[in-house]
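S.K.: Below is a structure I'd like to ask you about.
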Amino acid sequence: MAHVSLEVAERRKAWSFVAPALVWTFVFFVAPFLFMAAMSLWEQQGGGIVRVWKLNNYIAFFEKDALFRGLTNSLEITAIVTVFSILLAYPLAWIIAERVPQKYQRTALILAILPFWTSYVVRSYSWLLVLSRNGVINQALLNLGVISEPLELASNRTATVIGFVHFFVMLLTLTIYANLVQLSPNYRRAAADLGANAFQTFWHVILPLTMPGIMTGAFLTFVLCIGDYVTPQILGGNNELVLPQIIMLQLGRRADFPMAAALSIILMLVVTAAYIACARWLKIERT
Amino acid sequence: MTDFIAGISAPRFLTFAATLALAAAAAALTSEPVLAQDELNALVWCDHTDPALIEPFEKANNVKVNLKEYEGTGAGLSIIDQSRPGDWDVLVIDGVDVQRAVDKDILAEIPADALPNADIFPDVRMEANNSRDGRIYAVTEKFGYNTVSYDKTKVDPADMKDMSKLWSEKYKGRIAVYDYYLPMIGLTGIDLGKATASLTDADMPAIKDKLLALKANAKQVSDVVSSQTALATGEVDIVFGGGEWLTAGLVKDKPNLDWTIPEQGAVRWAQSIGVMKDSTKKDLALKFVQYIVSPEGQARLATSSCYWAMPANAKAGEHLTDEQKAALRWNEQADYLKRTQLYPIPTAELDAKMQDAWTEMLQN
């Protein structure tokens, strides 16, 4: 009997520790989310919000090409950014983990993530100056005689992708490096003993074992990239709109909060789908 | 404490904690704002946030002016809708939208003798916009033009006198379009020979086609800062929709930048300022409005760091340097006022169609 009471008391004690986090989550996530979901079913008419329960905002999203293309543009850019970031980050992480002497690895990592220390907005504007018609790249190519006319590198999708990749390569380098340094050298020795060459060892042993690091970084890249407003706004030149820009248009220009709420719910559903797709690699495992 | 926690069930504890948190949140949301008596809340455009404009008023009246910027009347009215009565004391609003604010009954009447009406340039007094039934609800404080800004060392200034040249192959990829649908639809309409005041649904297909053609010819569609940066750095040679507000502040360092009003005309904007009806500090709010439309306040507002433009009060000229007046084209205003039209004033339905057309233009 005493044992049961002790167990109940311990359980209550545990709840008391968890309760603040649960209350915080409810007040600052669940409740606002439910309110946003409800608002997405309302309608903006004239100067005010009409509290009807209809799917009109969602229907408009699929019917109006300019809105729907916001999602497809977001998905295309995010996919391109994620693939390029992985392709650049993996070799960098591998070089730091495998080729840089251990005592210099921390310094190498700090150098790799140095751009993180500057403001995100400043970094985007810096890229605009680098990529512009009179920017460093065009001027260098013109001076070298490689081109006769400046390349159109700014204010388009290329500029947006470059700005994103610069940022997310740093993030992916960290997650992949963390995974690589945990691998025992015995895996490679065993593969070599079994007759595998360097490529086969990488393809069949190292790459599968570093998938959690890749997928964790890829998922973070996807979530941060698809929800970003600043980079496409500064570097894209408004030549195509991504979903967060369209959400901002509803809020800043039209004051159409119900439509903005509906678009935000759609964005959350896309992120949720991405999480489900990556979930098997995102488990926290301790071995 | 542990005994207390152990003495209640987990679900009850959670309910208790959640209720406490919600009660605290509700109390925070419903209680009176914790503001000192000497604070004034103003919903404004970015030019009012210049400390050089606000600090003299704050010091003279021992008051803190809290400023919130907004962009677009719809967004401003929405902020007011979501605020409690009395939250805002002063409102800066597009001159053509004052009547929307009057319709919503959010502006207080301003006594005529409290304003320097005789000193306001007659063409921008805009009584039909700022008053109703003989009652004054706002006063024009600043005006300017959405027209064509350009780098005169890179384009032929003669070309800039013909708006249709902006659609020509000659300037393809060299134009930034100002990202604000109302003046740009007005300008596009003017190029099509349609007066801004008479735009209807029927005009929108032609305007949309014209906008899409403009986008195809443009390098970018951008906000004030990005357009200004693009012109200053040589990324583009022309900003369509720009004007003195975009280039006047830069002329000192960039004398190659210029602006003009094409033969077809251009769009004129004007901003008004008024006192909020539910303000609990109406006297102080009126004092702020009076400061803004005073010659000194007007000179500071005209040369605000966010953007320059003509002051509505003619006496502001006494407080501006010759250089500043030249940048504002002080002596050419009579001609400019004749050749420009006010922003379109669409109904809610037409406004939605205009915004749809603008979004489609951005997305294509």
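S.K.: Consider A:THR82 carefully, then state whether it is on the phi < 0 side of the Ramachandran plot and more than 14 Å from chain B (Cβ to nearest Cβ).
M.R.: Working: on the phi < 0 side of the Ramachandran plot: yes; more than 14 Å from chain B (Cβ to nearest Cβ): yes.
When the stated conditions are applied, A:THR82 passes them.
S.K.: Is it the case, given these coordinates, that B:MET310 is surrounded by 19 or more Cβ atoms within 10 Å (Cβ to Cβ), assigned by TED's automatic domain parsing to the domain that holds B:HIS48, in contact with a strand residue (DSSP E or B) (Cβ under 7 Å, 6 or more places away or on another chain) and more than 30 Å from B:PRO85 (Cα to Cα)? I'd like the intermediate steps shown before the answer.
M.R.: Numbers: surrounded by 19 or more Cβ atoms within 10 Å (Cβ to Cβ): yes; assigned by TED's automatic domain parsing to the domain that holds B:HIS48: yes; in contact with a strand residue (DSSP E or B) (Cβ under 7 Å, 6 or more places away or on another chain): yes; more than 30 Å from B:PRO85 (Cα to Cα): yes.
Judged against the criteria, B:MET310 is a match.
S.K.: Is it the case that A:LEU92 is assigned to a helix (DSSP H, G or I) and either of a type in the set (Val, Ile, Thr) or surrounded by 13 or more Cβ atoms within 10 Å (Cβ to Cβ) (or both)? Write out each step before concluding.
M.R.: Working: assigned to a helix (DSSP H, G or I): yes; either of a type in the set (Val, Ile, Thr) or surrounded by 13 or more Cβ atoms within 10 Å (Cβ to Cβ) (or both): yes.
Here the answer is yes, as A:LEU92 does meet what is asked.
S.K.: Listed residues A:LEU243, A:LEU249, A:LEU235, A:LEU220; which is surrounded by fewer than 22 Cβ atoms within 10 Å (Cβ to Cβ) and not acidic (Asp, Glu)?
M.R.: Answer to the check: A:LEU220.
S.K.: Looking only at helices (runs of 4 or more DSSP H) that lie completely in region B:246-364, which have at least 3 residues being over 27 Å from B:ALA42 (Cα atoms) and over 16 Å from the mean Cα position of the chain (by Cα)?
M.R.: Details: elements: B:282-292, B:295-302, B:322-328, B:333-339, B:348-363.
Once the helices (runs of 4 or more DSSP H) in region B:246-364 are filtered for at least 3 residues that are over 27 Å from B:ALA42 (Cα atoms) and over 16 Å from the mean Cα position of the chain (by Cα), what remains is B:322-328, B:333-339, B:348-363.
S.K.: Criterion first (more than 30 Å from A:ALA108 (Cβ to Cβ) and touching a strand residue (DSSP E or B) at 6+ places or on another chain (Cβ under 9 Å)) does A:ASN156 satisfy it? Spell out the reasoning first.
M.R.: On the way: more than 30 Å from A:ALA108 (Cβ to Cβ): yes; touching a strand residue (DSSP E or B) at 6+ places or on another chain (Cβ under 9 Å): yes.
Yes: the conditions hold for A:ASN156.
S.K.: Within region A:62-74, is there a residue that is in contact with a Cys (Cβ under 9 Å, 6 or more places away or on another chain), β-branched (Val, Ile, Thr) and within 24 Å of A:LEU241 (Cβ to Cβ)? If you could, list the steps in order and put the result at the bottom.
M.R.: Within region A:62-74, the first condition is being in contact with a Cys (Cβ under 9 Å, 6 or more places away or on another chain), and the residues that meet it are A:74.
Applying the additional criterion that residues be β-branched (Val, Ile, Thr) yields none.
So far as region A:62-74 goes, no, none of its residues is in contact with a Cys (Cβ under 9 Å, 6 or more places away or on another chain), β-branched (Val, Ile, Thr) and within 24 Å of A:LEU241 (Cβ to Cβ).
S.K.: Exactly one condition in (1) over 25 Å from A:ARG254 (Cα atoms); (2) more than 7 Å from every other protein chain (Cβ to nearest Cβ); (3) not small (Gly, Ala, Ser) is false for A:VAL50; which is it?
M.R.: (1)
S.K.: Within 20 Å of B:MET361 (Cβ to Cβ) and within 14 Å of chain A (Cβ to nearest Cβ): does that describe B:VAL221?
M.R.: Values: within 20 Å of B:MET361 (Cβ to Cβ): yes; within 14 Å of chain A (Cβ to nearest Cβ): yes.
Yes, satisfied.
The values are calculated or read from the model by the stated rules, or taken from the named source; none is laboratory data. Owing to the predicted nature of the structure, the values given are computational and were not obtained by experimental measurement. Cβ coordinates were reconstructed from backbone atoms using ideal geometry, including for glycine residues, and neighbour counts include every protein chain displayed.
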